[in-house]
Amino acid sequence: MRVDSAVNIDDLRELARARLPSVVFDYLEGGAEDEVTRRANREAFLRYAFVPSVATGHVDIDLSTNLFGDPVAVPWIVGPTGLNGVFRRDADLSLARAARAEGAVYAHATAANVPLESAATAAGECRWFQFYPWGGRAAWAALIGRAQAAGYRALILTVDSLVPGNRERDRRHGFAHQLRVTPGFALDALRHPRWLADVGLRGMPRMENLAVDGRERASAGELASYARRERHPEFRWEDVARLRELWHGPLLIKGVLSADDARRAVAIGAEGVVVSNHGGRQLDGAIATLLALPSIVQAIGASATVVVDGGFRRGSDLVKALALGADAVILGRAPLYGVAAGGEAGARRALEILRDETRRVLALLGCPDVRSLSPSILRRVDPASGIEPVDP
Ligand SMILES: Cc1cc2nc3c(=O)[nH]c(=O)nc-3n(C[C@H](O)[C@H](O)[C@H](O)COP(=O)(O)O)c2cc1C
């Protein structure tokens, strides 16, 4: 199957699985420990059923919205995900171009394999930069200054990864920002010749945004030890306040799961939060993001931007989160499956699928646009049956 005949995101996932050695696919797919949270993100969508309005005559569905004053064609954001170069050499640029073509926001990661300046040229006007507070304060100021100069509109500060997640698939494979070449891995790589030629034989991609220990660009191995050393687990809200002063644009705090933390983020001057558990890759057992969303919308939704991510693979998933009050959704693995399977065309196919599914769901619901979505189109149901109503 080729990417253009993929009917849904799961088809792209299967194509990605076929193209990648299992070490690499597991890095893309895996979560922390028992992967309870990774699965819970998906299962949470089953807790809501749609209650459509019929015969409304809405056929021209409008997905456009506005994020921090910028018009966007669709309320979703591609990425941020680090180490994309391990899927395909030019994956960051392909994702940026696909987002631009679809009118979506592109979010470039600190741990990307393409310099933020090159990604800025590939992405459209609406580009955001994801920031990890690694290194010392001088390193923070330098990286934030570069992102600002390259015209990134918003900064996403990720705060759920101050301690690395316990990703057991990666530990078993010996994968820690570098590939351990065991006989098993070598055999697996040989069975995936397209990946081997594109990535494997050229060595691990470098972390192009980070200068480590005075060297221009960090190799993945250098970065792994640097990140372990420089992660700053002692990072606190006072440091968020310092970053707030450094960044002169909208600031989103990513990794928020409670209404209290959302209020604290806004009180410190952030324009919004990303309700996220890092796709289940950090704290296993953390609440599913769709279930955390309503209380956070209630706490800050009237005055701040609420973005959510975790497990979005269908247009109907996107519609549920938007109906619950999210302003936009971050897509993590869905476009990664696409780019791993088929480069830029694959990433575009992922976005096309989600766009078409969302349009169809809105038409079937009798909703003309994403702005008119509200919780009234949803009913809480027992996830086991998928249809039995439960009390709100
Ligand atoms: C392979 C991979 C790498 C990621 N790298 C980063 C990163 O560098 N920074 C970050 O803030 N989030 C990172 N994330 C988390 C995503 O931004 C997002 O929160 C998550 O993938 C959403 O869940 P989903 O993959 O189920 O859509 C990564 C996720 C994946 C799958």
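Restricting segment 146-191 to residues that are of a type in the set (Gly, Ala, Ser) and within 16 Å of the ligand (Cβ to nearest atom), the residue that is nearest to VAL273 (Cα to Cα) is ALA154. If a residue has to be away from the ligand (no atom under 15 Å from the Cβ) and either closer than 30 Å to ARG169 by Cβ or of a type in the set (D, E, K, R) (or both) to count, how many in segment 258-290 make the cut? The qualifying residues number 7.
Residue count for segment 297-341, restricted to those that are over 15 Å from the mean Cα position of the chain (by Cα), in a helix (DSSP H, G or I) and among the β-branched types (Val, Ile, Thr): 3.
Scanning for something over 13 Å from GLU102 (Cβ atoms), of a type in the set (A, V, I, L, M) and assigned to a helix (DSSP H, G or I), does segment 342-356 turn up at least one residue? Within segment 342-356 (the criterion being over 13 Å from GLU102 (Cβ atoms), of a type in the set (A, V, I, L, M) and assigned to a helix (DSSP H, G or I)), the answer is no, since none of the residues qualifies. With the structure loaded, tell me whether PRO75 is within 15 Å of GLU102 (Cα to Cα), open to solvent by less than 30 Å² (accessible area, probe 1.4 Å) and not hydroxyl-bearing (Ser, Thr, Tyr) or whether it fails that test. In short, yes.
Pairs meeting the criteria (first residue in segment 119-144 and assigned to a loop (DSSP other than H, G, I, E, B), second residue of a type in the set (Asp, Glu), beta carbons under 7 Å, at least 6 apart or on different chains) are GLU125/ASP70; CYS126/ASP70; PRO133/ASP239; TRP134/GLU230; GLY135/GLU230. Would you check if there is a residue in segment 57-67 being over 30 Å from VAL390 (Cα atoms), within 11 Å of the ligand (Cβ to nearest atom) and touching a helix residue (DSSP H, G or I) at 6+ places or on another chain (Cβ under 9 Å)? Within segment 57-67 (the criterion being over 30 Å from VAL390 (Cα atoms), within 11 Å of the ligand (Cβ to nearest atom) and touching a helix residue (DSSP H, G or I) at 6+ places or on another chain (Cβ under 9 Å)), the answer is no, since none of the residues qualifies.
Per-residue answers, yes or no, for (1) hydrophobic (A, V, I, L, M, F, W, C); (2) open to solvent by 10 Å² or more (accessible area, probe 1.4 Å); (3) within 28 Å of VAL3 (Cα to Cα); (4) touching a Pro at 6+ places or on another chain (Cβ under 7 Å):
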site	(1), (2), (3), (4)
SER295	no, yes, no, no
ALA299	yes, yes, no, no
ARG313	no, yes, yes, no
SER316	no, yes, yes, no
ALA323	yes, no, no, yes
ALA328	yes, no, yes, yes
ARG333	no, yes, yes, no
VAL339	yes, no, yes, no
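Identify all residues within segment 165-199 that are crowded, with 16+ Cβ neighbours inside 10 Å and either modelled with pLDDT under 90 or among the aromatic types (Phe, Trp, Tyr) (or both); write none if there are none. Hits for segment 165-199 are HIS173, PHE175, ALA176, HIS177, GLN178, LEU179, PHE185, TRP195. Here VAL114 clears all of (1) of a type in the set (A, V, I, L, M, F, W, C); (2) open to solvent by 30 Å² or more (accessible area, probe 1.4 Å); (3) assigned to a loop (DSSP other than H, G, I, E, B) except the condition numbered (2).
GLU234 passes every criterion in (1) assigned to a loop (DSSP other than H, G, I, E, B); (2) charged (D, E, K, R); (3) modelled with pLDDT of 90 or more apart from (3).
You will find that of ALA326, ALA302, the residue that is aliphatic (A, V, I, L, M) and away from the ligand (no atom under 14 Å from the Cβ) is ALA302 and no other.
Counting only residues that are open to solvent by 10 Å² or more (accessible area, probe 1.4 Å) and part of a helix (DSSP H, G or I), segment 255-278 holds 8 of them.
Given the structure, is ALA6 of a type outside the set (Phe, Trp, Tyr), at pLDDT 95 or above and away from the ligand (no atom under 16 Å from the Cβ)? Judged against the criteria, ALA6 is a match. Could you please let me know if LEU15 is open to solvent by less than 20 Å² (accessible area, probe 1.4 Å), in contact (Cβ under 8 Å) with a residue 12 or more places away in the chain, part of a helix (DSSP H, G or I) and closer than 27 Å to ALA189 by Cβ? For LEU15, the condition - open to solvent by less than 20 Å² (accessible area, probe 1.4 Å), in contact (Cβ under 8 Å) with a residue 12 or more places away in the chain, part of a helix (DSSP H, G or I) and closer than 27 Å to ALA189 by Cβ - is not met.
The values are calculated or read from the model by the stated rules, or taken from the named source; none is laboratory data. Owing to the predicted nature of the structure, the values given are computational and were not obtained by experimental measurement. For neighbour counting, all protein chains shown are included, and Cβ atoms are generated from backbone atoms with ideal geometry for every residue, glycine included. These accessible areas exclude ligands, DNA and RNA; they are computed on the full protein's heavy atoms, side chains included. Shrake-Rupley method; radii C 1.70, N 1.55, O 1.52, S 1.80 Å.
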